[in-house]
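A short worksheet on the structure shown next.
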Amino acid sequence: MKRPNKFGARKSPCQHGHTHASAKEARRCNDLHLLQLAGVIVGLEVEPVFTFAVEGKPVTHLNGRRAIYTPDFSYVEKGQKVCEDVKGGSATNTEASTLRLAFARAMWPSIDWRTV
């Protein structure tokens, strides 16, 4: 038996075949695809990976795994790169996710980082 999500969310599919961590995230994916069809945004990506690096060297955990940040979506809006993380409220906005976002903002300041 699979372990339930610690925040009570259930994996949910969107209308475009992606499986998301929550129904809220799946709804946001559907909305973003509609915005892309309307030409409001372009280049929609689901779960892009950003690898943290210092002086060109990847930051790694003690076990050797690379330190990464994976927002839920990225796209370009009015010429500006945007990355979004869908949160289910204050419970899902953990100290670890806040820290990763702070590092991402510092390393990629030209990106508009949003929490939805």
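Values in this text are rule-based calculations from the coordinates and carry no lab data. Since we're looking at a predicted model, the values are computed, not measured. Cβ coordinates were reconstructed from backbone atoms using ideal geometry, including for glycine residues, and neighbour counts include every protein chain displayed.
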Check your understanding: What is the magnitude of the charge dipole of the chain about its Cα centre, with +1 placed on the Cβ of each Lys and Arg, -1 on the Cβ of each Asp and Glu, and no other charges, expressed in debye to the nearest 20?
Key -> 460 debye
Practice item. Set the Förster distance to 30 Å, then compute FRET efficiency between ALA106 and VAL42 from the Cβ-Cβ distance, nearest 0.05. Key: 0.70
Revision key, fill the gap. Residue span LYS11 to LEU99: 0.36 nm per residue of separation minus Cα-Cα distance leaves a gain in nm of 29.2 nm
Review point. For the chain, what's the relative contact order in percent, using C-alpha pairs closer than 8 Å and at least 6 residues apart?
Key: 18 percent
Practice item. Quote to one decimal, in nm, the extra length available between LYS78 and VAL59 on full extension: 0.36 nm per residue of separation minus the C-alpha distance between them. Key: 3.6 nm
**Study point:** Extension gain, ALA23 back to VAL49 (0.36 nm per residue minus Cα-Cα distance, nm)
**Key:** 7.2 nm
Point to revise | Free-standing Cys residues across the chain, given no other cysteine C-beta under 4.7 angstrom | key: CYS83
